[in-house]
1. Run lengths n ≥ 4 of DSSP H only: what is the helix-derived mean residue ellipticity at 222 nm for the chain, with -39500 (n - 2.57) per run over all residues, to the nearest 500?
2. Just to confirm my numbers, what's the Cα centroid distance between the range 155-197 and the range 88-133 in Å?
3. Compute from the Cα atoms of the range 127-182 the Rg and the Dmax, the latter being the longest Cα-Cα distance, and quote both in angstrom.
4. Compute the helix-to-body angle for 117-139: its Cα long axis versus the longest principal axis of the chain, expressed 0 to 90° and rounded to tens.
5. For Leu253, list long-range residues whose amide hydrogen, built 1.01 Å from N in the peptide plane, is under 5 Å from its own amide hydrogen.
6. Against the longest alpha carbon principal axis of the chain, how many degrees, from 0 to 90 and to the nearest 10, is the axis of helix 228-237 turned?
7. So if I restrict to the alpha-carbon atoms in the range 149-205, what is the Rg, and what is Dmax, the biggest pairwise distance, in Å?
8. Report relative contact order for the range 83-196 in percent, whole number only (criteria: Cα-Cα under 8 Å, sequence separation at least 6).
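Bear in mind these aren't lab numbers, they're just calculated from the coordinates by the rules spelled out. Because the structure is a prediction, the values reported are computed rather than measured.
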Amino acid sequence: MALLSPAPITLFGATTPSGQALIELAGGRPLVVAGRHPPRPPAGESHPLPFLPCDLEDASGPHQAPTGWLVSFAPIWSFAPWLARCASHDPAGFAALQGVIACSSSSVITKRFAANGFDRDLVHRLQQAEEQLALTCSTQSRPLRILAPTLIYGQAGSLGDRNLSQLRQLLRRLPLLPLPGHGGLRQPIHCRQLAAVALHLTDSVTQEGFDPSQPVHLPIGGDDTLAYATMLRRLQNATEPGDAARRCRLLALPPRLFLTLAAPLLLLSPKTFEALLRMSANLSGFTPVHRILGGPPQAFPVLPLAP
């Protein structure tokens, strides 16, 4: 089937690492950044990108649909209501869109049985937003893909993640890090890989929309599936020689002993306690990036990493 020529992209969430990575990967493709404040010019460029003033939280603001593709790395619970208002106020403009790609989170899967209130509320907000997006786009027969990445890491431009970068800081501060056995399986995805998937999807749609055999909700991860301890060791090895993170010893404890030591957190911070419990869980099995992009697998960690 013939592919459509690249259409303009309106990007939400440009101040996230994945949003910044998409700007870098877009090259000369028509790209508009939507947000509250104009973006800085890309590295090496003297002129800023075209800017669309847009506050996703402002229910009273203008809601005229942009043209081309909408790609969002903004919080999905803010983007989904805005898109619904946009479709309601400008149905003709919305119907002319090429399609919508929105980033959600694998937490809607991995935390659906959480006991603490914070994670339960997160799952509820994600589910509601995904359902609202699906309803908005299906009503107007607009192509939609909801990306649900797991454990985003890495750096793009000056922006870095808050996942593995925090683990690196922990490794630098501690001489010893206890783990439950070797930990469960993880499938971390670099912010640049996530951006590449979003761009690839905007180019792979046909006149009939996305491949109808593929689900709207697309859980994705990196190309490597690793035990938690292996992930940390590779993270250590990826630091510069002499970095304090290399000196931290990873201590594998029997799972029961690990949980016994962590038990006081159940009263002090149920959210932290459940995060430690998930260290033993296998949070993997997602579609690897290379299967979508069609290139060779990339070993973890993909560079650059956040400091």
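1. Helix-only estimate at 222 nm: -11000 deg cm²/dmol.
2. 24
3. In Å, with Rg to one decimal and Dmax whole: 18.8, 56.
4. 20
5. Amide H to amide H, under 5 Å and 5 or more residues apart or across chains, Leu253 pairs with Leu179, Gly181.
6. The angle comes out near 90 degrees.
7. Final numbers for Rg and Dmax: 15.1, 50 Å.
8. 27
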